[in-house]
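A short write-up of the structure that comes next.
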Amino acid sequence: TLAAAHVNHCLRGEASDGDEAFCRALCVQWEVPLRVERVDVAALSREQGIGIEEAGRNARYDFFAECAARTPTAAAPPQVVLAHTLSDRIETFLMNAARGAALRGLCSIPPRRKQLTIHNEQLTIIRPLIECTRAQVEAYCTAHGLQYRNDETNADAAYRRNLVRNEVIPLLELEGEPMRRMFRSLEADEAYLTAAAQTYSGDLSAAPEAIKGRVLRDKLVQLGREPTQAGMRELEKQNPAYGRTKPAFAKKTLQIEHLDENFTKNLPNMPKEGLANCLDCDTISGDLSFGHRIAGDKMRLCNAVGTKSFKQLCQEHGIAPGRRELLHVARDAKGLVWIETLGPAHRCRITEHTRRALQMKVSEPE
């Protein structure tokens, strides 16, 4: 069963609306169901303190997760099919190389990405055009009389990716079979080293760097946390011999207690620091889960103005990057509802109308 999804980023005025109209007309013509989401990406970028490109990507993938969650399926989970080409992959490879990426980053855009977790939704991303160049796709459209839309900002050299696309790649002639061979080789090396890291059980302090980095990264992923360099350094610092002992994160315990009506009777006497670790049960949407930060996390703090990214909230409250990776969080179907040290989301705060509550207690073992 095929369905289409389109996100209008509202960045290019009439051109953005034209893209949306084109998608609507095409899907009507081909009798393919379409879901459309309009997102003010510029406002999202300002609100979260991130770049336009990152904000747009987050909006798209959030929408894909929502579409997947609402798509009925009799067998395997729905797959999200994206149109990235070999040309896109080469651009990303060069940009990652310029940032000093490791082998995983040099592999660039993967043809298939299993179990990508976005807001608790498990997605499988596939890219069937990843071995076709952009020129080949355009030639196919021309040969078969297929119309398509072009984003005029793709020619704007103010964007780094456009500079790479329009000047660097043509100069180096990075297209076709040589690049396909390179990516296949990089993927094979990455797969081997990743498998070796997953079976590693020795003293991590004596491990080869290629193995050590992957072991640390995998441990962060297993803990439901974003595998940042800061998090990996903190993990290694707290437990150099990770392969032989329990992770440092296991030392910190999160306890959850249900508070009944007797709690609400004493609300006026409860100190603010106690309320900062409480949630109103009746405001929680769907199931509640606990873990650590994931990419795209954002929240409006209790009595604060505006929704902000997890990173921005931590920066404003002076929480160091390494410590951010250790913070417990709680989330429901709509997103974050509580962050350790920072407190509850505004929508789940305790009020005079609260009748049932949850209290979180974080403690270190004696």
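The values are calculated or read from the model by the stated rules, or taken from the named source; none is laboratory data. If you're wondering where the values come from, they're calculated on a predicted model, not measured in any experiment. Note: ideal-geometry Cβ built from the backbone for every residue, glycine included; neighbour counts use all protein chains shown. Accessible surface areas use protein heavy atoms only, side chains included; no ligands, DNA or RNA. Shrake-Rupley method; radii C 1.70, N 1.55, O 1.52, S 1.80 Å.
Amide H to amide H, with H built 1.01 Å from N, Asn8 comes under 5 Å of Glu37, Arg38, Val39, counting only residues 5 or more places away or on other chains. Considering only Leu163, Gln136, Leu123, whose Cα is most displaced toward the positive end of the charge dipole of the stretch 121-179, charges sitting on Cβ of Lys, Arg (+1) and Asp, Glu (-1)? About the Cα centre, the residue reaching furthest to the positive side is Leu123. Rounded to the nearest 10 degrees, the angle from helix 134-143 to the longest Cα principal axis of the chain is 60 degrees. The 1.4 Å probe gives accessible areas that order Glu14, Glu187, Glu54, largest first, as Glu14, Glu54, Glu187. Taking the Cα atoms only, what angle lies between the long axis of helix 86-98 and the longest principal axis of the chain, rounded to 10 degrees? Taking Cα atoms only, the helix is inclined about 60 degrees. In this structure, the residue pairs whose Cα-Cα separation is over 21 Å, taken from Lys219/Lys298; Lys308/Lys334; Lys212/Lys298, are Lys219/Lys298; Lys212/Lys298.
Within the chain, the proportion of C-alpha pairs whose separation exceeds 40 Å stands at 24%. Fraction of C-alpha pairs exceeding 20 angstrom in the stretch 1-115: 56 percent, rounded to a whole number.
Give the angle, between 0 and 90 degrees and rounded to the nearest 10, that separates the Cα long axis of helix 177-198 from the longest principal axis of the Cα atoms of the chain. Approximately 20 degrees, to the nearest ten.
Looking at the stretch 97-192, the pairs of alpha carbons with a distance over 18 Å make up 64% of the total. Close amide H contacts of Lys298 (hydrogens built in the peptide plane, cut-off under 5 Å, sequence separation of 5 or more or a different chain): Phe310, Leu336. Round to a whole number: what % of the accessible area of the chain belongs to carbon and sulfur, probe 1.4 Å? C and S fraction of accessible area: 52 percent.
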